[in-house]
């Protein structure tokens, strides 16, 4: 028995779902188990592909589902004379497009971070360290300062430049515990400046955060803002 090419099924169903109402009957009757099975495949894989298409860089507001449908249909029907590019050329174009679009996004993120730090530098109460880290004291504690050897207990909220929260122990209601040097460089540096009981607002350039690679939902070259409260030092 021939195996079904699941990838082709995903693409085919996804193209139909993405066509925004064209080329399918939304009121289709599911008369048999096979009908229902095919419909289930469409719902499952179509929704997944729709989400994947959202990650294609540089697309926001410029989606052209008709182009996807046309390219897919022409290639699927082997209408070689109507293809505007070969499958090999298509793969190469996709790779080059993604690389170029990502490079533009990264340059934009890098520039935005640098511009923000430059303008933030002159604001009242903002202190800039030799490494480029910036912080502002919200509350100055009276306890000990941690050292490189210590493990600390902190509450924090992390944001992107646009104010979007990407992580927060405060929202979870669960303080974090970790070694001073067991996190990003910017954290390691600022924690050693904070007496226990302090709360600082901290701006960390990408070089002291997740760098050129990013990490788990944090894009490359992201400058990050944190509100950090040092609750204690673990003995």
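Gain on full extension, evaluated as 0.36 nm per residue between residue 159 and residue 77 minus their Cα-Cα distance, stands at 24.7 nm. Relative contact order of region 135-235: 39 percent, from C-alpha pairs under 8 Å at least 6 residues apart in sequence. Sorting 115, 78 by the number of Cβ atoms found within 10 Å of their own Cβ, with the fewest placed first, yields 78, 115.
Taking other C-beta atoms within 10 Å as the exposure proxy, 29, 168, 222, 213 rank 29, 213, 168, 222 from fewest upward.
Considering just Cα atoms, how many Å³ per residue does the convex hull of the chain enclose?
On the way: hull volume 50.9 nm³, N = 235.
Hull volume over Cα atoms, normalised by residue count, gives 216 Å³.
Computed over region 107-234, the quotient of the alpha carbon radius of gyration and 2.2 N^0.38 Å is 1.00.
Taking other C-beta atoms within 10 Å as the exposure proxy, 172, 121 rank 172, 121 from fewest upward.
Determine, from the Cβ-Cβ distance of residue 103 and residue 53 and an R0 of 22 Å, the FRET efficiency 1/(1 + (r/R0)^6), rounded to the nearest 0.05.
0.60
Show that you can apply the helix-only estimate: for the chain, add -39,500 (n - 2.57) for every DSSP H stretch of four or more residues, divide by all residues, and state [θ] at 222 nm to the nearest 500. Helix-only estimate at 222 nm: -12500 deg cm²/dmol. If the chain linking residue 116 and residue 129 were pulled fully straight, counting 0.36 nm for each residue of separation and taking away their Cα-Cα distance, it would gain 3.1 nm. Net length available on complete extension from residue 62 to residue 144 is 24.1 nm, with 0.36 nm assigned per residue and the Cα-Cα distance removed.
Values in this text are rule-based calculations from the coordinates and carry no lab data. The structure presented is a predicted model; accordingly, all values stated were derived computationally and were not measured. Glycine gets a Cβ as well: all are built from the backbone with ideal geometry, and neighbour counts include every protein chain shown.
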